[in-house]
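See below for the structure under consideration.
The values are calculated or read from the model by the stated rules, or taken from the named source; none is laboratory data. No experiment lies behind these values; they were computed from the predicted model shown. Reconstructed Cβ throughout: ideal geometry from the backbone, glycine too, with neighbour counts over all protein chains shown. Keep in mind that these areas ignore ligands, DNA and RNA; they rest on the heavy atoms of the full protein, side chains included. Shrake-Rupley method; radii C 1.70, N 1.55, O 1.52, S 1.80 Å.
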Amino acid sequence: MARKDSLEKLRKILQKRRDAIVRSALGDLSLLQGRASKSADVLDAVADTVQSELNSQLLEVESRELAAIDEAIERLNRGEYGTCETCQKPIPLTRLRAVPHARECIECHRLAEKRRSHPAARMNRMFDSYQTDGAS
Ligand SMILES: [Zn+2]
């Protein structure tokens, strides 16, 4: 199958995922509203709080994924989808199938993660800024 056809398939997957998120987010909201009016005793109220905290965390994750999916669909429309933002190489279809809203190939993604989270990278940055400060 041509890469272009595969990308169009991924568009459908993205749109389906988007629909599912929107539906589940709406479901969570109506669930929350339903519960709030019914919480009779304290235990129920506590359970409700825990549940709504869980739900709001879930909503946050969902809204972040939703934004990423919207962005991916935008890139599809512009014909930029499936190209690594960092090295400009085509992102392998296997990666896109696993993470349809991926913006980087796995190599660049891993490098970026390392830069963000590696303690040595943070120390280097601190050292760099210390040196620059000293020089000026
Ligand atoms: Zn790349």
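Filter region 70-85 for residues that are open to solvent by 80 Å² or more (accessible area, probe 1.4 Å) and acidic (Asp, Glu); which is farthest from the ligand (Cβ to nearest atom)? If you could, list the steps in order and put the result at the bottom.
Residues of region 70-85 that are open to solvent by 80 Å² or more (accessible area, probe 1.4 Å), as a first pass: 74, 77-78, 80, 85.
In the following step, the residues that additionally are acidic (Asp, Glu) were identified as 74, 80, 85.
Details: Glu74: 19, Glu80: 14, Glu85: 8 Å.
Per the stated criteria, the residue is Glu74.
Scan region 1-31 for residues that are open to solvent by 70 Å² or more (accessible area, probe 1.4 Å), modelled with pLDDT of 90 or more and of a type outside the set (D, E, K, R) and the total you get is 2. Each residue in region 63-91 was checked for being part of a helix (DSSP H, G or I) and under 16 Å from the mean Cα position of the chain (by Cα), and 13 pass.
Out of everything in region 86-105 that is within 12 Å of Ile13 (Cβ to Cβ) and free of Cβ contacts under 8 Å to residues at least 12 places away in the same chain, what residue ends up being most open to solvent (accessible area, probe 1.4 Å)? Step by step, filter region 86-105, then rank; the result is Ala98.
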